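Asker: Before I ask anything, let me first share the structure, which is written out below as structure tokens.
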Amino acid sequence: MTSSFIVVVVGAIAIGLFRRRNRNQLPAQLARQLPEFIDAVVLLMFSGSTPAQSLIAAPTWLEPPLREIVADVSQQLLRGNRLSDCVASLRQLIGSPAFALVDALLSADRDGRSIANTLDRLSNESRMQRRRQLDADIRRLPVRLTFPLVCCILPSFVMLGVVPMIATALVHLNR
């Protein structure tokens, strides 16, 4: 009875931590995927699409957390909503990392002028941000690998390498 209670409590704690961790990772995941979104919009804009057309076509190149958000915005555009309203909702859904792209799209829609230089600069900045994020992930990798090293590899080394040597040494000492 008590062992099943302990298992249930530990399981509930693990599920709670997993949900909290996933909730905290969504903004970071969106920020990681934003450079791909910017590159897709830049590519579509340079190929001759309007800002609305580029937002409608962009979800095909995105991964799930950001794909649903951009697909929702593209559905709003297809229903006939104004681009400025849809892009403003993008600003609210993604957050501060998308402010520069949203402002560029809004100025292109409002002024009707080419934003090639702005999009090129934005694309370069997003690539640099992606590179910085990869560098930070690479720096965190050794810390993440210490747990498997200490808990899996070192004990197996001791069991397969050191214990047989000690056992053979003890056998030879007894003779």
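Asker: Since G161 meets every condition but one in (1) over 25 Å from S49 (Cα atoms); (2) not in a helix (DSSP H, G or I), which condition does it not meet?
Answerer: It is condition (2) that G161 fails.
Asker: Out of A98, A88, A52, report the one residue that is surrounded by 16 or more Cβ atoms within 10 Å (Cβ to Cβ) and under 21 Å from P27 (Cβ atoms). Walk me through how you get there before you give the answer.
Answerer: Numbers: A88 fails: surrounded by 16 or more Cβ atoms within 10 Å (Cβ to Cβ); A52 fails: under 21 Å from P27 (Cβ atoms).
Unique residue meeting the criteria: A98.
Asker: When you scan region 56-120 for helices (runs of 4 or more DSSP H) that lie fully inside it, which ones turn up with 1 or more residues that are of a type in the set (D, E, K, R) and modelled with pLDDT under 90? Give the derivation first.
Answerer: Working: elements: 64-78, 83-94, 99-111.
Of the helices (runs of 4 or more DSSP H) lying wholly inside region 56-120, those with at least 1 residues that are of a type in the set (D, E, K, R) and modelled with pLDDT under 90 span 83-94, 99-111.
Let's see how each residue does on (1) surrounded by 13 or more Cβ atoms within 10 Å (Cβ to Cβ); (2) in contact with a His (Cβ under 6 Å, 6 or more places away or on another chain); (3) of a type in the set (F, W, Y); (4) closer than 16 Å to P51 by Cα:
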position: V70; (1), (2), (3), (4): yes, no, no, yes
position: S123; (1), (2), (3), (4): yes, no, no, yes
position: Q129; (1), (2), (3), (4): yes, no, no, no
position: L134; (1), (2), (3), (4): no, no, no, no
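Asker: Pick from V70, V87: which is out of contact with any Lys or Arg (no Cβ under 7 Å at 6 or more places or on another chain) and either of a type in the set (D, E, K, R) or within 12 Å of V41 (Cα to Cα) (or both)? Show your work before the answer.
Answerer: Working: V87 fails: either of a type in the set (D, E, K, R) or within 12 Å of V41 (Cα to Cα) (or both).
Result of the check over V70, V87: V70.
Asker: Determine which member of the set A28, A52 is among the small types (G, A, S), more than 21 Å from L106 (Cα to Cα), in a helix (DSSP H, G or I) and modelled with pLDDT of 75 or more.
Answerer: Values: A52 fails: more than 21 Å from L106 (Cα to Cα).
After ruling out the rest, the residue left standing is A28.
The values are calculated or read from the model by the stated rules, or taken from the named source; none is laboratory data. Small disclaimer: the values here were computed from a predicted structure and weren't measured. With ideal geometry, Cβ positions are generated from the backbone for all residues, glycine too; neighbour counts draw on all protein chains shown.
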